[in-house]
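Contents: one structure, followed by commentary.
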Amino acid sequence: MIHCQNCTTRNPLSLEFCWKCGSRLLVASGLTGFDSPMAFMDEHVLERISAIEYSLSTLTKRIDSLMDTVERVAASNFIDHTMIETLTDSLESAGINLENLEAEWRKRVDSRILETEEVDRLGGRMERIMDSYRGPDRKQFGLWVEKSYDLLVADRASESQHFLKLAYQHDPANHELGQLLAEVYFQSKEYKSARACLNQVLEKKPDHFEATFLMALIHQKKGNLREAQARLETAIGLKKDSSAAHASLGSLLAAVGNRQQALKHLSTALKLKPSAPVHFLMGAICYGQGQHKRAIQHLRQATRLDPQFGEAHYQLGLLCLEMNWLRKAQECFKTAQALNPRETRYRKRVRSFSGDATGPDQLNGLIREELRLVKCDAGSKRTK
């Protein structure tokens, strides 16, 4: 018998064409006939080929279904985009300024993405906490962890403390849980409780980077700068590619007057991860060293990375005013006021450029008093 290579139908040896599909029958030379003992192996190969063909057919159907879905989504997006354009045109014709609409939209999209990533990271941490559990009542422990997760996702961290504490008392050897509870205490400014949790974590894992770093931040908050510096240096030793650790150490060194070392660590932080607050702090240090143009460059980078950074716009305006770049200074002050209309300093600067004001040249005596960049308090201003 000869198997048709097109439809796999069995045909007598006397036929030249397949009786079913009409394809020419091909016979490989030097091989045994299909009626030999090898026939079973040949049939097995054909079965495998048939299985592959079936899989390919199923995959093709799924791809076609996916393409239909993509086409429907594209059509829906087109309709939504047309509706948004119509709505935008109507609002503009009504006299509403939509100049910053796209920027606000992109900012909100980025915010939603970050929120989703944070939730995913928190979910991963909860899984590690459950994997680390070695106690007798896993079900009850899981209920506490699940309840605290729901509260943390709902941005009710203070309420989650109760369930996290119950879980940690039940499993005090769970260092992942202890670290999470310490972070919740830190957010609530309960530094004493946070330190107690971190001490337990570090007793079990002295090389725990997150616990070491958070302990350094607590010492910095409490004013123990030497201990904070030592902890930050240890944290950097544990994780050299941590931009947050380098930035925090740079900020601390700038606060104690060690500007050269501060610049070194802040520059490393920027190489690892560009950051508006770090550029702001670099501008502070450069200004303190009399490098005004470099300070302006860093402040411009800060405003580019974070267009909503009102204080960076304001301080950039003050520096431009000191350089006698009046038009640029006015633009910066107006941007700062638009971002935070309630800030009296911003309103004062904008009014200084009005027709009935004394003029920006009359303000130069006050600039250095108000340019608090030298104080290196970028962190406190950023949170306003």
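Values quoted throughout were computed directly from the atomic coordinates according to the rules given, and no laboratory measurement underlies them. Quick caveat: nothing in here was measured; it's all calculated off a predicted structure. Neighbour counts are summed over all protein chains in view; Cβ atoms, including those assigned to glycine, are modelled from backbone coordinates with ideal geometry.
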*asked:* What distance in nm lies between label points placed 7 Å from Cα along the C-beta direction at V70 and Q140?
replied: 5.4
*Residue-count net charge about A245 - beta-carbon cut-off 12 Å; Lys, Arg +1, Asp, Glu -1*: +1
_Let me spell out the model: positive unit charges on the Cβ of Lys and Arg, negative unit charges on the Cβ of Asp and Glu, origin at the Cα centre of segment 170-220. What dipole size does that give, in debye rounded to 20?_
200
_Förster-model FRET efficiency, 51 Å R0, M323 and L56, C-beta, rounded to 0.05_ = 0.15
*Evaluate E = 1/(1 + (r/R0)^6) for T344 and K221, where r is the Cβ-Cβ distance and R0 equals 25 Å; express this FRET efficiency to the nearest 0.05.*
0.35
_If amide hydrogens are placed 1.01 Å from N in the peptide plane, which non-local residues have theirs closer than 5 Å to the one on H3?_
N11
*Per the Kirkwood treatment, what hydrodynamic radius in Å, one decimal, follows for segment 223-264 from the mean inverse distance over all distinct Cα pairs?*
10.1
*asked:* Quick one: 3J(HN,Hα) in Hz for segment 88-93, Karplus 6.51/-1.76/1.60 with θ = phi - 60°, rounded, Gly and Pro as x.
replied: 5, 4, 5, 5, 5, 5
*Tell me, in nm to one decimal, what length is gained between D80 and F17 on full extension, where the rule is 0.36 nm per residue of separation less the Cα-Cα distance?*
16.9 nm
*In debye, nearest 20, what is the charge dipole magnitude of segment 191-232 about its Cα centre with +1 on Lys and Arg Cβ and -1 on Asp and Glu Cβ, if you could check?*
180
*Counting pairs of alpha carbon atoms under 8 Å apart in space and at least six apart in sequence, what relative contact order in percent does segment 285-346 give?*
25
*³J(HN,Hα) computed for each position of segment 334-346 - Karplus, 6.51 cos²θ - 1.76 cosθ + 1.60, integer Hz, glycine/proline x*: 5, 5, 4, 5, 5, 6, 9, x, 7, 6, 5, 4, 5
_Overall Cα dimensions of segment 113-266, principal axis frame, Å, largest first_ = 54, 36, 25
